[in-house]
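What follows is one structure encoded as C-alpha cells, with my remarks underneath.
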Amino acid sequence: MTVDRPLNILVIEDSAADFMLVERHLRRASLDARCRRVDTVADLTAALDDSEWDVVLSDYSMPAMSFGQTLELLRGCRPDLPLILISGGLGEEEAAEWLKRGAWDFVLKGGLARLVPAIERAMRDAAEHRAVREAERAVRDGAFRMRQLIAGLPHPVWTCDPDGTCDFLSERWVAYTGIPAEIQLGYGWLECVHPDDRAGLMAAWNEAVAAGSDFAVEFRLRRHDGAFRWFDTKAVPLRTEDGRIEKWFGSSSDIHEAREGREALRISEARLSAIFHISPAAIAVSRAADGLFFEANETFLSTFGYQRQELIGHTAIEIGMWQNLAVRKAAVAALRSGKQVINREIHLVRKGGAVGEFLFSAALTELNGEECILSVMQDVTDYNATKHHEEELRQSNAELEQFAYVASHDLREPLRMISSYLTLLKRRLGPSLDETGQEFIGYAVDGATRMDALIRDLLEYSRVGRDAVHETVSLATVLEEVRLILGPTLIEVGTELTVAEGLPSVIGYHRDIVRLFQNLIGNAVKYRHPDRVPVISVGWKDDGSSHWIAFVQDNGTGIEAGDFDRVFGIFQRLVPREYCEGTGIGLAVCHKIVDQHHGRIWIESVPGKGSTFFVSLPKAE
C-alpha cells in the first residue's frame, strides 16, 4: 500500500477511550493517519458528505446505532469504501457472518496488532474493487478497452460466461502458468490448481455462480516451474441494466508470503501455548498495575496450591502471595526502566500460608491493550535446604578426615618410641630374663608393631582423595608401577602375574589408582591358596557405558557370597591373624578410592578356587 498523503480514517465508536486506543496503535505502527470519531447515524452521514475517507473502522454495538445500519448506509452510498469491524467480544461465527454480508475485515479489540495489516489489506482490496468497477465500465464500453485495462493490471485477471465457464485469461495468467490460454479456457485452468484445493474451489465457485453473488477464495496455483503458490481470488458478476448477469470478472493476487507468514504465526502461537501449559516452570501473566492474574499454567497452580478459579481474576496482592510488596514494586519499576529481572531470589506465600523460596524472572508484555508482566518462577525451596545440608555434611566430613589424619600421624610417634624401647630393653636384659619375661616383651613388641600398622593403614584411608587432581591416567603405566612396588613379594612367593595388552586410560587421581591396584594384587598374594602357586591376571573390558571395567583375578582361597559386601568394611577380616597378617583396612581403602572416582567395585568368587575383583573407572576421552 503506497499513499503519498495521510490516510483519512473514520472511526465509528461511542467510547472515547477505545478511540484513543486505536489512535495509539496506529501511531505505534508509524501509520500516518487522520482519525475522526462519530457515534450516531446523523454524524456518520454528515462525515460522509463533507469529507473523502480511505477506510471506516466501526464498533459492533453502540447505543445510538448498530453495525448493520452502518453496513447498509455504506453499501448504498460508498460501496468501495472499506469497512472494518472492531469488537471486544464478538464470536468467530457471528463475525464470519458479517464478513459474508459485506464487512471487509474483522479485528478484536484485544488483538489490535492486526489492525494496521487489516487496513493495508483493505486499501489494496479497495484498489482492486475500483479496478473491477472500472473494468465493468470498460466491458460495457467495449471489449477492446477492457482488454487494455486488464493488460495494465499488476496481477492475473480472467472473465467467465454467465454459467461460470472461463472465456478469457490475461497475459499475466498465461505467463505465470506457462500454458497457452486456449488450453486453459473452459475448465482447463483447473489442472493448474493444487489437487487438494480443487474440490473446495469448485464448490465455492458453483455456489457463487448459482447465487449470482460475489466470489472470494484462496487456493494454490501451479507456476510454470512446477512450484505452487497461494493466490487470493475474487470475482464479481457484471450485470445488465435489468439485473441479468452477462459476464463474470475476476482477479487473482499472489498472497503466498502473507499466507505462509500467517501459518508460521499460527504454528508459533500454538507452540508457545503448548510450551506455556506444559512447562515445568511456574508461569503466569498478570496486570502490571495490581497483579491481577489473566493466565497461569498448571505448574504455577500446583506450585502455589490454587485452583484456576481461585487465581484467575484475582490479584496477587488480594490473595497475599507476595510476602514483601516492596520486592514486587521494585521488580515492576526495574522492568519499566528497561532493566532485566532474571533469577531474583524472592519469598512467596503459597495457599495455606507456607513460605517458599523462588527464582523470579519477568518481562513486560501487552495483553488486550494493558501493560502486563510475564512471570516465571522456579521453586528452589527444597534445593536450597538440600544444598545447606550437603554443605554441613561436607564440612563435617572434612573435619573428620583432618582429625583422622592428625590423630593417626601423632599416634605413630609414641608407638615407635614404645617399640624402640621394648626392643632395646630386650637386647640389654634378654640374657637375664627368663622365658616368660622374654615372651611378655615379645607380645608387647608385636602389639606395638600391629598398632603401628593399623594406624598407618588408617592414615592411608584418611588420605584417599586428599588433594586429588583428576587427570588422564594410563592403567598400563599404573600396573608397571605396581609390579615394581610389589616385585620382591611377588618373587618371594613365586607369583605368576600377567597383565592384559592394551589397558585403557581413565580419568582419576594417579596416586590413588596405583594404591587401588597395589592393594588388590597385594591381597591376592596375601590370601593365596596354601597348596598352589598364586596366579594373578589383570584385564579389562568395555560394557558400552561411560566407564571401563578392569579386573584382578586370582586362584586363591576364595570368598563366600555372604561376605561379598562385608569385606569392604573397615577393620573386617575373614581369616584369623595366625593365618595371615593384616589390619582389615586394605579393601576399605579400595572401596573409598573407587567411590571417589564415581565408580563401582564388586566381587565374583568361588570358595576354594579363587576370586575376581571388578572396578569401574571413568573413561578418558
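The values are calculated or read from the model by the stated rules, or taken from the named source; none is laboratory data. If you're wondering where the values come from, they're calculated on a predicted model, not measured in any experiment. Please note: Cβ atoms are built from the backbone with ideal geometry, for glycine as well, and neighbour counts cover all protein chains shown. Remember, those area values only see protein heavy atoms, side chains included, never the ligands or the DNA or RNA. Shrake-Rupley method; radii C 1.70, N 1.55, O 1.52, S 1.80 Å.
Roughly how many Å² of TYR527 are accessible to a 1.4 Å probe, to the nearest 10?
Accessible area of TYR527: about 70 Å².
Taking the radius of gyration and the Kirkwood hydrodynamic radius from Cα positions alone, what is the Rg/Rh ratio for region 7-134, to two decimal places? Please list the in-between numbers first.
Numbers: Rg = 13.5 Å, Rh = 14.7 Å.
Radius of gyration relative to Kirkwood radius: 0.92.
Can you pick out the pairs among LYS109/LYS234; LYS109/LYS351; LYS329/LYS351; LYS541/LYS592; LYS526/LYS609 whose Cα atoms lie more than 26 Å from each other? Working shown, then result.
On the way: LYS109/LYS234 28 Å; LYS109/LYS351 34 Å; LYS329/LYS351 21 Å; LYS541/LYS592 22 Å; LYS526/LYS609 15 Å.
Those over the limit are LYS109/LYS234; LYS109/LYS351.
How far apart, in nm, are two points set 7 Å out from the Cα along the Cα-to-Cβ line at GLN309 and at GLU97?
The answer from the label model is 3.0 nm.
Largest first, how would HIS256, HIS591 line up by accessible area (1.4 Å probe)? Before the final figure, lay out each step's value.
Values: HIS256 35, HIS591 65 Å².
Ranking HIS256, HIS591 by accessible area, largest first, yields HIS591, HIS256.
Accessible area per residue for region 58-114 in Å², computed with a 1.4 Å probe and the full protein assembly in place, what is it? Let's see the in-between values first.
Numbers: 2820 Å² over 57 residues.
Using a 1.4 Å probe on heavy atoms only, each residue of region 58-114 averages 49 Å².
From the phi angles alone, apply the Karplus equation (6.51, -1.76, 1.60; θ = phi - 60°) to region 317-333 and give each ³J(HN,Hα) in whole Hz, x where the residue is Gly or Pro.
These are the phi-based 3J(HN,Hα) values: 6, 4, 8, x, 6, 8, 5, 9, 5, 5, 5, 5, 4, 5, 5, 4, 4 Hz.
Ranked highest first by average number of other Cβ atoms within 10 Å, how do 554-566, 87-99 line up? Walk me through the numbers on the way to the answer.
Working: 554-566: 15.9, 87-99: 13.2.
With the highest mean Cβ count within 10 Å placed first, the list reads 554-566, 87-99.
Taking square-rooted eigenvalues a ≥ b ≥ c of the alpha carbon gyration tensor, is region 153-260 rounded, prolate or oblate, where a/c under 1.5 means rounded and, failing that, a/b exceeding b/c means prolate?
prolate
Rounded, prolate or oblate: which one fits region 331-377, using the alpha carbon gyration tensor with axes a ≥ b ≥ c (rounded when a/c is under 1.5, else prolate when a/b beats b/c, else oblate)? Before the final figure, lay out each step's value.
Values: a/c = 2.97, a/b = 1.62, b/c = 1.84.
The shape class here is oblate.
Would you mind checking which residues have amide H under 5 Å from VAL499's amide H? H placed 1.01 Å from N; only 5 or more apart, or other chain.
The list, which skips near neighbours in sequence, is VAL538.
How many nm is it between the label spots at SER474 and LEU21, if each spot is 7 Å from the Cα in line with the beta carbon?
The two pseudo-label positions are separated by 7.6 nm.
Let me know the Rg and Dmax you get for region 468-618 when you use only its Cα atoms, in Å.
Gyration radius and largest Cα-Cα distance of region 468-618: 14.7, 44 Å.
Can you give the accessible area of SER61 in Å² (nearest 10), computed on protein heavy atoms with a 1.4 Å probe?
The accessible area of SER61 comes to roughly 80 Å².
I need the GluC sites (Glu not before Pro) found in region 230-260, filtered to DSSP loop residues with at most 10 other beta carbons within 10 Å of theirs.
Answer by residue number: GLU241.
Kindly report, to the nearest 10 Å², the accessible surface of LEU301 as traced by a 1.4 Å probe over protein heavy atoms only.
LEU301 has an accessible surface of roughly 10 Å² with all protein chains in place.
Can you tally the net charge around LYS609? Count Lys and Arg as +1, Asp and Glu as -1, for every other residue whose Cβ sits under 13 Å from the Cβ of LYS609.
Net local charge, LYS609 excluded: -2.
Pop out the carbon and sulfur fraction of the accessible area of region 153-260 as a percent, whole number, probe 1.4 Å. Display every interim value, and only then the final one.
Values: 2660 of 5180 Å².
Carbon with sulfur: 51 percent of the solvent-accessible area.
Return the sequence-ordered ³J(HN,Hα) values of region 595-611 in whole Hz as given by the Karplus equation 6.51 cos²θ - 1.76 cosθ + 1.60 applied to θ = phi - 60°, using x for Gly and Pro.
Once rounded to whole Hz, the list reads 4, 4, 9, 6, x, 9, 9, 8, 10, 10, 8, 10, x, x, 10, x, 9.
Carbon and sulfur atoms: what percent of the 1.4 Å accessible area of region 468-618 do they account for? Write out the running numbers ahead of the final one.
Values: 3890 of 7380 Å².
For region 468-618, the apolar C and S fraction of the accessible surface comes to 53 percent.
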